[in-house]
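Nothing in this text is a laboratory measurement; each read-out follows from the coordinates by a stated rule. Given the structure is predicted, the values throughout are model-derived calculations rather than measurements. Please note: Cβ atoms are built from the backbone with ideal geometry, for glycine as well, and neighbour counts cover all protein chains shown.
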Amino acid sequence: MNPAPSLRMRGISKTFPGIRALTDVSLDVAGGEVHAIVGENGAGKSTLMKILAGVYQPDEGSIELAGEAVRIADPIDARRRGIGMVYQELNLVPDLSVAENITLGGPPSRFGFVRRKALRERAQEVLDELGARVHPDDLVGSLPVSQQQLVEIAKAYAASPSIIVLDEPTSSLSENEAQALFRVVERMKAAGIAIIYISHRLREVIELADRVTVLRDGRLVESRDAEGITAADMIRLMVGRDITDVFPKREVPIGEVVLKVESLGRGDVFDGIDLEVRAGEIVGLAGIVGAGRTEVARAVFGLDRADRGHITVSGTRVTIRSPRDGVEAGIAYVPEDRKRDGLVPQLTVKDNVALASLGAVSNAGWVRGSAERRVATDRATELGVSPPLIDRRVDTYSGGNQQKVVFAKWLATEPRVLILDEPTRGVDVGAKADIHTIIGELAARGAAILMISSELPEVLAVSDRIYVLHEGRLSAELPRGASEQDVMRAATGEEAA
C-alpha cells in the first residue's frame, strides 16, 4: 500500500503567449519517496515545478499539500509551506559568502542582529553532510559552477523542507560528488521528505527513484513504479521513438598532432600539464570537480593566463594571453555555462552566431548583413537548430538548441582545435545524441577535439584517449576501452600513471 501523498497536483495547465506549456498534468508525490520526472527539454518539467514553487500560477488545476487545498502565491509562500527548490539555473547571490547564501532567508539572529558564528557553524554542518569541499567564507561568485551547484543544494537542504525539488542537481558534479548527493537524498528520504528529482541522466533515475513520471510536449505520458524500468523504456516514452545510441562514436582516421601542450602551469592551480590532441581525435579530460579540468581548458584558450609552459598548434608555437590570441591560433572553446559564458540570451540566433567571427562578416568595420545572415543560416541548418529561425531570440529556445547555437558560433570561426567543456550539460537525451553526432562529424573533418565531461559514460563512449587529472596534475593517460573504475582510481589519486 502506497503512503498518502504529501503533494497532489491535479489537471495543471499553463499557456504562455503562443506556447501551450502544460496540458492537464497530474502528479502525486509521497513523503519518503523519490519521484523522478523525466522528459526532453520543453516537455514541461520546469514549468510544472515553477508552478509548485509559486513562480507561475496555473491557468487550470489544483494543488494539495498534506491533504489541504492550497494556492501558492509566490516563492516566499512556497518556502513557508515547506517547499524547497534547487533550480537547474543557479539562484545564488555571488557577492555573498557561501555561509550567507546557505542561510539566506532565515539566518540565525538575536534581537535583530545576525549571529555570525552560528550562521557559519550551520553552513559548515550542512556542507559536511553533503561532503562538499567548499569553505563557508568563500565568495560564491569566486567558485566554479560545480561548487556553486553544491551551495545551491546546501541552501535548500538547510531549510529542512517537507518537499524538495532537485532540478538537474548533478549536471556539474563529478561521480564522487554525485554519490555524496545521493547519500543526502537517501537521508532526506529516510526523514520522510518528499523528493522530486529531475534529471537527464537516466542511470541516476534508475538508481534513485521509487516512481517515475514521464512528460512529453507538456502532457503526462505515464507515471509508474521505477522498479524494472530501463533507460530504453524512458527514452521511448520521452521522445516517442527508440534512440539506440545516445553517445554515438564515429570511427575516423587519426592524423598528425594539432594541439600540443607542454609543462603548462598556472600558480598553484595546475602544473606540469603535458597533452596532445591529433586531427580527427576526441580526447577526454576527466577528473573529479576541482581537479583543474576547466582551469586547464581556460588557460589553453586564453581566458586565464598560464604562467609557465608552452602551447603548439599545427607545429607552430603560439603565445596565448587572451581569447583573441586563442581564436587567432585556431582554437575554439565551448564553455560549461552556456548562458553565462557562451551566449547573449537576449540576442537573436544570428547575432550570437556572428559574435566570434565578426571580422569575417564585416567590411571596414561595418557588419555586412547579408554575409551575417548567410553564415547564421548555414550553421543553424547544419547543426539542426529547431526551428532554424535566425531572427528569433536565443532565450526562447530549449537548452539543447541553445547549446547548438554555441557550437554554431564557434564553428563559424573554422577552428582547428575545439575544446568542449561539459558539452551536453543540462540537455535532454535526444539533444545529447544530436550533439555527439555533430562532434563526430567535426572529428571526421579533421578537427582536434578536447572534451571535458563529468558524465563518465559520455567520456568513455566517445573518447579515443583519456587524460585524467588529480589535484591539478595529470595522473593517467588511458586508452579507449578503459573502464569507469580505471578513471576513478586515477581521478582520486589511488593509481597514478
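What size of dipole, in debye to the nearest 20, comes out for the stretch 257-491 about its Cα centre when the only charges are +1 on Lys and Arg C-beta atoms and -1 on Asp and Glu C-beta atoms? Working shown, then result.
Numbers: 30 positive and 33 negative charges, 144 e Å.
Here the stretch 257-491 has a charge dipole of around 680 debye.
For His470, list long-range residues whose amide hydrogen, built 1.01 Å from N in the peptide plane, is under 5 Å from its own amide hydrogen.
Placed amide hydrogens put Ser475 under 5 Å from His470.
Once the piece of chain linking Ser26 and Glu414 is laid out straight, how much longer is it, given 0.36 nm per residue of separation minus the C-alpha distance between them?
Numbers: separation 388, 0.36 × 388 = 139.68 nm, distance 4.75 nm.
Separation in residues times 0.36 nm, less the Cα-Cα distance, equals 134.9 nm.
Given H placed 1.01 Å from N in the peptide plane, which residues other than close sequence neighbours of Leu22 have an amide H under 5 Å from its amide H?
Those qualifying (amide H under 5 Å, at least 5 residues apart or on another chain) are Lys14.
Local charge sum around Gln57 (other residues, Cβ-Cβ under 12 Å, Lys/Arg +1, Asp/Glu -1)?
Values: positive: Lys14, Lys50, Arg71; negative: Asp59, Glu60, Asp74, Asp77.
That sum, taken over residues with Cβ under 12 Å, equals -1.
Highest mean first, how do 382-391, 182-191 rank when packing is the count of other Cβ atoms within 10 Å averaged over residues? Provide the component values of the computation, followed by the final result.
Working: 382-391: 17.0, 182-191: 15.1.
Highest-to-lowest ranking by the protection proxy: 382-391, 182-191.
With θ taken as phi - 60° and the coefficients 6.51, -1.76 and 1.60, list the Karplus ³J(HN,Hα) couplings across the stretch 467-480 in order, rounded to whole Hz; mark glycine and proline as x.
9, 10, 9, 9, 6, x, 10, 6, 9, 6, 10, 10, x, 4
What's the local net charge at Phe270, with K and R +1, D and E -1, over the other residues with C-beta under 14 Å away?
Values: positive: Arg266, Arg293, Arg298, Arg305, Arg308, Arg473; negative: Glu262, Asp268, Asp271, Asp274, Glu295, Asp304, Asp307, Glu471.
Taking every Cβ under 14 Å from that of Phe270, the sum is -2.
Of the peptides 288-296, 485-493, 55-63, how do they stack up when ordered by the mean number of other Cβ atoms within 10 Å, highest first?
Details: 288-296: 24.0, 485-493: 18.7, 55-63: 16.1.
Top to bottom by mean Cβ count within 10 Å: 288-296, 485-493, 55-63.
For the stretch 278-312 and the stretch 117-178, compute the distance between their C-alpha centroids and round to whole Å.
Between the Cα centres of the stretch 278-312 and the stretch 117-178 lies a distance of 26 Å.
Within the stretch 33-101, which trypsin sites (Lys or Arg not before Pro) sit in a loop by DSSP and count at most 15 neighbouring Cβ atoms inside 10 Å?
Working: sites: Lys45, Lys50, Arg71, Arg79, Arg80, Arg81; in loops: Arg71, Arg81.
Counting only loop positions with at most 15 other Cβ atoms within 10 Å, the trypsin sites (Lys or Arg not before Pro) in the stretch 33-101 are Arg71.
Please turn the phi angles of the stretch 330-346 into ³J(HN,Hα) values with the Karplus equation 6.51 cos²θ - 1.76 cosθ + 1.60 (θ = phi - 60°), one per residue in order, whole Hz, x for glycine and proline.
Coupling constants for the stretch 330-346: x, 9, 10, 9, 9, x, 6, 10, 5, 6, 8, 10, x, 9, 10, x, 7 Hz.
³J(HN,Hα) across the stretch 63-80 via Karplus (A = 6.51, B = -1.76, C = 1.60, θ = phi - 60°), whole Hz, x for Gly/Pro?
Taking θ as phi minus 60°, the curve returns 10, 10, 10, 6, x, 10, 5, 9, 10, 8, 6, 6, x, 5, 4, 4, 4, 4 Hz for the stretch 63-80.
Count the lysine pairs in the chain whose Cα atoms sit under 14 Å apart, keeping only pairs 8 or more residues apart in sequence or on different chains.
Details: Lys14/Lys45; Lys14/Lys50; Lys249/Lys432; Lys339/Lys404; Lys339/Lys409; Lys350/Lys404; Lys350/Lys409; Lys404/Lys432.
Total qualifying Lys-Lys pairs in the chain comes to 8.
Do the sum for the chain: with -39,500 (n - 2.57) for every DSSP H run of n ≥ 4, divided by all residues, what is the mean residue ellipticity at 222 nm, to the nearest 500 deg cm²/dmol?
Working: 16 runs with 159 residues, N = 497.
Roughly -9500 deg cm²/dmol at 222 nm, from the helical runs in the chain.
Over the Cα atoms of the stretch 5-239, each weighted equally, I'd like the Debye log10 I(q)/I(0) at q = 0.17 Å⁻¹, rounded to two decimals.
Ignoring solvent entirely, the Cα scatterers give -1.27.
Any chance you could run the full-extension gain for Arg250 through Glu64? It's 0.36 nm times the residue separation minus the Cα-Cα distance, nm to one decimal. Could the numbers behind the result be given before it?
On the way: separation 186, 0.36 × 186 = 66.96 nm, distance 4.97 nm.
Taking 0.36 nm per residue and subtracting the Cα distance, the gain is 62.0 nm.
What residues have an amide H closer than 5 Å to that of Gly32, excluding those fewer than 5 places away on the same chain, when H is modeled at 1.01 Å from N in the peptide plane?
HN-HN under 5 Å from Gly32: Gly192, Ile193, Ala194, Ile195.
Once the other residues with Cβ under 10 Å from the Cβ of Glu422 are scored (Lys, Arg +1; Asp, Glu -1), what is the net sum?
Details: positive: Arg293, Arg338, Arg425; negative: Glu336, Asp337, Asp421, Glu455, Glu458.
Cβ neighbours under 10 Å give a net charge of -2.
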